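Engineer: Structure provided below as structure tokens; questions to follow.
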Amino acid sequence: MDVVDTRADAPGAPAPWAGFGHQLRRWRQRAGLTQAQVGARVGYDHSAISKLEGGRREPSPRLARHLDEVLGAGGELLAAYTASRHEETDGAAGVTGGGGSGPPPRNGGSRFGPLPGDIGETGDTKDTRGLEDAEGAGGVGTSGPGFPDLPGWPVRLPSNGLECPLHDDEGCTVPAPADALPVYLAFRDPGLPSGAGSDTVHVLCGLLVTCWRAAVERAAPETITVVEQALHAIARRTESLAGPYRRALRRLAAGYAQLAGELRMEHGQNGMAMAWLHRGLDWAAVSGDIASCAAILHDMSTVARLEYDTSSALGYARAIRAADPGRRWTAVVADLCEARAHALGGDALESRRHLARARTGLSRLGERDLAEAPWLCGARGEVYLESGTGGALRDLAALTADRSVARLAAEATERSLGSLAERMRPARLLFTLRLADCHACAGDPEAALAVAVPVLAEAATVPTALIGRELRGLRSRLAARWSGRPDVRDFAEHLGRGLL
């Protein structure tokens, strides 16, 4: 039987498969199909599809795969199925999307089920939409599967805020690229005996550093393939190990899963993003890595917000605070996430209250906080605070048409741009387009176009979902109020010819 009765359709009962149902409805509507049409293509009555979309029925793995293929979801429905199954199994033991605010779970490794991208009981994996095969993609001076040709291979750890999970802040040396490649290929090869030494851990750290840099500085699409291939190899090897190497690989798995989630989110694949983030949260929790737990919960709150799910965004934000109430930096992260979620819901008072708390909290961080969260230090911390402030105030201005709030949003966004490193081009484009939108919300179309038009050509070369979202918001606000202006019409037509 492909549709399992979960008895969740009783009056007042929760819908445990709501996440999968939401994604199923989204993909069905994107395909332009009715429930009856989808049902006919997979061999079910329209009422079964209705119950699946309502979260009141559990699909079998086979049906989830069939729906994914029929709707052209490219793995996202499978990822949503994995995440929903994971949430149903773990229930109250962990942090879930329904507004739950408890700390991350800390039970053992037996909870780990199929990874996002697994397609069945055979253990085989399926390539997902938009990914390029990494085989033969080249790598740091020599060709090899899944090893990127990326600049910035670290010489030592810590590097780029990443510590070695074996040596922490003591520091250690990373093998040179020529030596790293054979170590990595041996680790990835399922035909070779399992095992991991310090060199393997250091190579995986070096690869994660280069992939983070590629994502931040260039939004390189092939990075998704590299990261997810490494994740599958780490997951395959981890549970056969014990002691410090098992814990080290779990910590690395959490970092890779967070990056995989962010990359999927950048490409608009929010179901797959949330599936990876759920797995990363598990790995971070069982290895006791509070910093990773907080960072992953931050990303989960962001994904929920991108899906316009205010209650889940708030739930994940509050879970950051609950992860360790004694840490000041987690309170700063939680306050910014709560501010963004309240802004999405139109609660200006609560949003601005949390923004003020985040600003005060950032100014009071101590050495321990900055050691655990180096990305809150100096200019990076200013970018984080001001970009979050600008985003929250812009969202409020868009909802309330309050021009004074829009001007404050523009000021905060300009400050974030002023502190952002020039090499971080995707973020600079995102914040630049947000600044243009702030001007539109403030009633100044000339300023909005003056900011946006010069970066349109570059935006076309970095077609992430987040940049597309900013462009769509800007275009809709300009067209809604100034559609009669020739420059606004030209702008909208230009976007329609290729950027959106």
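The values are calculated or read from the model by the stated rules, or taken from the named source; none is laboratory data. Predicted, not measured: the structure shown is a model, and the values here were computed from it. With ideal geometry, Cβ positions are generated from the backbone for all residues, glycine too; neighbour counts draw on all protein chains shown.
Engineer: Does A230 satisfy the condition of being modelled with pLDDT under 95, assigned to a helix (DSSP H, G or I) and under 23 Å from R26 (Cβ atoms)? Spell out the reasoning first.
Structural biologist: On the way: modelled with pLDDT under 95: yes; assigned to a helix (DSSP H, G or I): yes; under 23 Å from R26 (Cβ atoms): no.
When the stated conditions are applied, A230 does not pass them.
Engineer: I want to confirm something. Restricting to region 245-261 and keeping residues that are of a type in the set (A, V, I, L, M, F, W, C) and over 19 Å from the mean Cα position of the chain (by Cα), which single residue is surrounded by the fewest Cβ atoms within 10 Å (Cβ to Cβ)? If you could, list the steps in order and put the result at the bottom.
Structural biologist: First pass over region 245-261, keeping only residues of a type in the set (A, V, I, L, M, F, W, C): 248-249, 252-254, 257, 259-260.
Of the ones still in play, those that are also over 19 Å from the mean Cα position of the chain (by Cα) are 248-249.
Numbers: A248: 24, L249: 26.
Restricting to residues being of a type in the set (A, V, I, L, M, F, W, C) and over 19 Å from the mean Cα position of the chain (by Cα), the top hit is A248.
Engineer: Please find, among G484, G443, G496, the residue that is farther than 27 Å from A214 by Cβ, assigned to a helix (DSSP H, G or I) and of a type outside the set (F, W, Y). Walk me through it before giving the result.
Structural biologist: Working: G484 fails: assigned to a helix (DSSP H, G or I); G443 fails: assigned to a helix (DSSP H, G or I).
Checking each option against the conditions leaves just G496.
Engineer: Taking the criterion of being out of contact with any Asp or Glu (no Cβ under 8 Å at 6 or more places or on another chain), free of Cβ contacts under 8 Å to residues at least 24 places away in the same chain and among the β-branched types (V, I, T), would at least one residue in region 301-313 satisfy it? Steps first, answer last, please.
Structural biologist: Our first condition is that a residue be out of contact with any Asp or Glu (no Cβ under 8 Å at 6 or more places or on another chain); within region 301-313, this holds for 301-313.
Filter once more, keeping what is free of Cβ contacts under 8 Å to residues at least 24 places away in the same chain: none.
Checked region 301-313: no residue is out of contact with any Asp or Glu (no Cβ under 8 Å at 6 or more places or on another chain), free of Cβ contacts under 8 Å to residues at least 24 places away in the same chain and among the β-branched types (V, I, T).
Engineer: Can I ask one more? Would you be able to tell me the number of residues in region 50-73 that are within 15 Å of R26 (Cβ to Cβ) and in contact with a strand residue (DSSP E or B) (Cβ under 8 Å, 6 or more places away or on another chain)?
Structural biologist: Residues in region 50-73 being within 15 Å of R26 (Cβ to Cβ) and in contact with a strand residue (DSSP E or B) (Cβ under 8 Å, 6 or more places away or on another chain): 2 in total.
Engineer: Something else: Being assigned to a loop (DSSP other than H, G, I, E, B) and under 14 Å from A233 (Cβ atoms) is the filter here; which residues of region 157-192 pass it? Can you show your working first?
Structural biologist: At the first step, the residues of region 157-192 found to be assigned to a loop (DSSP other than H, G, I, E, B) are 158, 160-161, 163, 165-167, 169-171, 174-176, 189-192.
Hits for region 157-192 are D189, P190, G191, L192.
Engineer: For region 194-244, enumerate the residues that are of a type in the set (D, E, K, R) and either more than 26 Å from M265 (Cβ to Cβ) or over 25 Å from the mean Cα position of the chain (by Cα) (or both).
Structural biologist: D199, R237, E239
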